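Chemist: Sharing a structure here in structure tokens format.
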2 protein chains.
Amino acid sequence: MISVVILGAGNVATHLFKGFEKTDEVSVVQWYNRSLAAIKPYNHLVAITDDLKALKDADVYIIAVSDDVISELSSQLPFDDKLVVHTSGSASVYDLDMKLKRGVLYPLQSFSKAAELDFANVPICIETIDKACFPILKKLAKSLGSPIKRINSDQRRVLHLAAVFVNNFTNQLYRIGHEITESEGAEFDLLKPLILETANKIQDMSPFKAQTGPAKRNDKKTIKKHLKQLENEHHKAVYKLLTESIQRTHGRKKL
Amino acid sequence: MISVVILGAGNVATHLFKGFEKTDEVSVVQWYNRSLAAIKPYNHLVAITDDLKALKDADVYIIAVSDDVISELSSQLPFDDKLVVHTSGSASVYDLDMKLKRGVLYPLQSFSKAAELDFANVPICIETIDKACFPILKKLAKSLGSPIKRINSDQRRVLHLAAVFVNNFTNQLYRIGHEITESEGAEFDLLKPLILETANKIQDMSPFKAQTGPAKRNDKKTIKKHLKQLENEHHKAVYKLLTESIQRTHGRKKL
């Protein structure tokens, strides 16, 4: 049985708590947050505290707070030489105070507070400074049912950056699709099956092979028609840049 | 029983043929293509021809060819006043010869030749010039199990344009994610669950509400870090423009 203390009360902290609650291999012995209000609803399930000096003994301390405060929080921990990990995609493992055994448990997924999360769909990327710390973090991640990958800092940072492209930026393309359809009273809902299919397709085909459409075909007539059709200058700029991007990838001439 | 002749041998034509083959409500009485080779494999299932003058009588003729040749092909049809539809998202219904009863059956999905297609995930957008032609096209689309939507030309064109954003451009973001991860020896596969979740999320939440990440939070430190991290100037340009796009949508200041 691995004992864990969670620090922080955001989406990642909350989902980790709920995930660990479901396993027999991990016991969350305490939940810390700067303000008790956020974790009070879990009072009946776990000991809660807002006092770092009152932290209980545990095998692993998981700091799931915003990047900016990881360093400060870790330096305030009232002990040395215990295993402390953060969960950030972009913060360095060295942001943790050097008096500690340091590591990272980076769950590569988009966390919403409301939605139930199946950790089978959340790859957990593990980094440790000391190799000896890896097995216990692996056990921890495995207990959630997550796929596990050992990675280094550069790989983690690059995954976090790529995640911005495939998650935040993709979602913004959905938003633009929403704006475009609504401007003509068409239903965005009609695009939802296509959106799912686009994501499904690359599960077992490379995005390179999966590409279709006017930019890939270098269908100048349609591209011109689309640019004329777009009234919003900003939408036009996105159309141009991503068309150019596709043509770079597929060896077509520029616009 | 609705009798149909299919003209063309691309992905849409082929999937429509296979779809109609599964229903009892539609009979494909003939399949035409300029070159017989492409449809020869279906010889045992349907009468095939490469001769427009030999076209059989049918309730509906479905022209599923590239946009450029719809007009020409429709003007070569050796009959007047029959119901002829094309399947294009961007061609006008008026591209069909005016001697005909004209309509459009636009399946809003990404068609790959190989993959099996479930028409339940393919909304079919129907347009007709003459209202009287709508019911038979509706029956045709329903027989495939597709959701059906009556739309006008403007709505169809706008859906086709929005589809480029949510399908082709989104896929290009996946491609950039692939390039970025590979450059550091990280695994693109680790991003696949996130890609699926991003598409799933907006099935019942607006893309506006679903947005997260540094651009939405106006987290300048992370944005700066990411821009520094990106070595490829083109990736940088995409990062900047889509970050700006998110900040426009969410009322943040520009970069």
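Chemist: Going through region A:228-255 one residue at a time, which ones are more than 7 Å from chain B (Cβ to nearest Cβ) and either more than 34 Å from the chain's Cα centre (by Cα) or loosely packed, with under 15 Cβ neighbours inside 10 Å (or both)?
Modeler: Residues satisfying the conditions are A:K228, A:E231, A:N232, A:E233, A:G251, A:K253, A:K254, A:L255.
Chemist: Out of the helices (runs of 4 or more DSSP H) lying entirely within region A:153-255, which hold 2 or more residues that are outside the structural domain of A:Y106 (by TED's automatic domain parsing) and closer than 28 Å to B:E197 by Cβ?
Modeler: Of the helices (runs of 4 or more DSSP H) lying wholly inside region A:153-255, those with at least 2 residues that are outside the structural domain of A:Y106 (by TED's automatic domain parsing) and closer than 28 Å to B:E197 by Cβ span A:153-163, A:170-183, A:192-201, A:207-210, A:214-217, A:233-249.
Chemist: May I pose another question? Please work out which residue is nearest to A:E187 (Cα to Cα), limiting yourself to region B:177-227 and to residues that are of a type in the set (A, V, I, L, M) and surrounded by fewer than 16 Cβ atoms within 10 Å (Cβ to Cβ).
Modeler: Here the answer is B:M205.
Chemist: Spot the failing condition for A:L140; the list is (1) facing chain B (nearest Cβ under 7 Å); (2) of a type in the set (A, V, I, L, M, F, W, C); (3) buried (at least 24 other Cβ atoms within 10 Å of the Cβ); (4) under 19 Å from the mean Cα position of the chain (by Cα), and only one is missed.
Modeler: Only one criterion is unmet by A:L140, namely (1).
Chemist: Condition test on A:S71, is it polar (S, T, N, Q) and outside any helix (DSSP H, G or I)?
Modeler: no
Chemist: Kindly check whether there is at least one residue in region B:62-84 that is in contact (Cβ under 8 Å) with a residue 12 or more places away in the chain, under 16 Å from B:V26 (Cβ atoms) and among the hydroxyl-bearing types (S, T, Y).
Modeler: The answer is no, given that none of the residues of region B:62-84 is in contact (Cβ under 8 Å) with a residue 12 or more places away in the chain, under 16 Å from B:V26 (Cβ atoms) and among the hydroxyl-bearing types (S, T, Y).
Chemist: I've got another one for you. Over 17 Å from A:H86 (Cβ atoms) and assigned to a helix (DSSP H, G or I): does that describe A:L137?
Modeler: The answer is no for A:L137.
Chemist: Among the numbered criteria (1) within 14 Å of chain A (Cβ to nearest Cβ); (2) part of a strand (DSSP E or B), which one does B:R102 miss?
Modeler: (1)
Chemist: What number of residues within region A:117-137 satisfy the criterion of being in contact (Cβ under 8 Å) with a residue 60 or more places away in the chain and under 20 Å from the mean Cα position of the chain (by Cα)? Steps first, answer last, please.
Modeler: Residues of region A:117-137 in contact (Cβ under 8 Å) with a residue 60 or more places away in the chain: A:117, A:119, A:136-137.
Of the ones still in play, those that are also under 20 Å from the mean Cα position of the chain (by Cα) are A:117, A:119, A:137.
Residues flagged as in contact (Cβ under 8 Å) with a residue 60 or more places away in the chain and under 20 Å from the mean Cα position of the chain (by Cα) within region A:117-137 amount to 3.
Chemist: Could you say whether any residue in region B:187-209 is facing chain A (nearest Cβ under 8 Å), aromatic (F, W, Y) and within 18 Å of B:V166 (Cβ to Cβ)?
Modeler: Scanning region B:187-209 turns up at least one residue that is facing chain A (nearest Cβ under 8 Å), aromatic (F, W, Y) and within 18 Å of B:V166 (Cβ to Cβ).
Chemist: Next question, about the same structure. Filter region B:7-50 down to residues that are closer than 15 Å to B:L73 by Cβ and of a type in the set (S, T, Y) and give me whichever is surrounded by the fewest Cβ atoms within 10 Å (Cβ to Cβ).
Modeler: Filtering first and then ranking leaves B:S35.
Chemist: On the basis of being farther than 23 Å from A:R175 by Cβ and either within 9 Å of chain A (Cβ to nearest Cβ) or surrounded by fewer than 22 Cβ atoms within 10 Å (Cβ to Cβ) (or both), does B:S146 make the cut?
Modeler: no
Chemist: Would you please list the contacts, defined by Cβ atoms under 6 Å and residues six or more apart or on different chains, that run from a residue in region A:162-190 that is without any contact (Cβ under 8 Å) to a residue 12 or more places away in the chain to a residue that is acidic (D, E)?
Modeler: A:E184/B:D154
The values are calculated or read from the model by the stated rules, or taken from the named source; none is laboratory data. Please read all numbers here as calculations on a predicted model, not as lab measurements. Cβ atoms come from the backbone with ideal geometry, glycine included; neighbour counts cover every protein chain shown.
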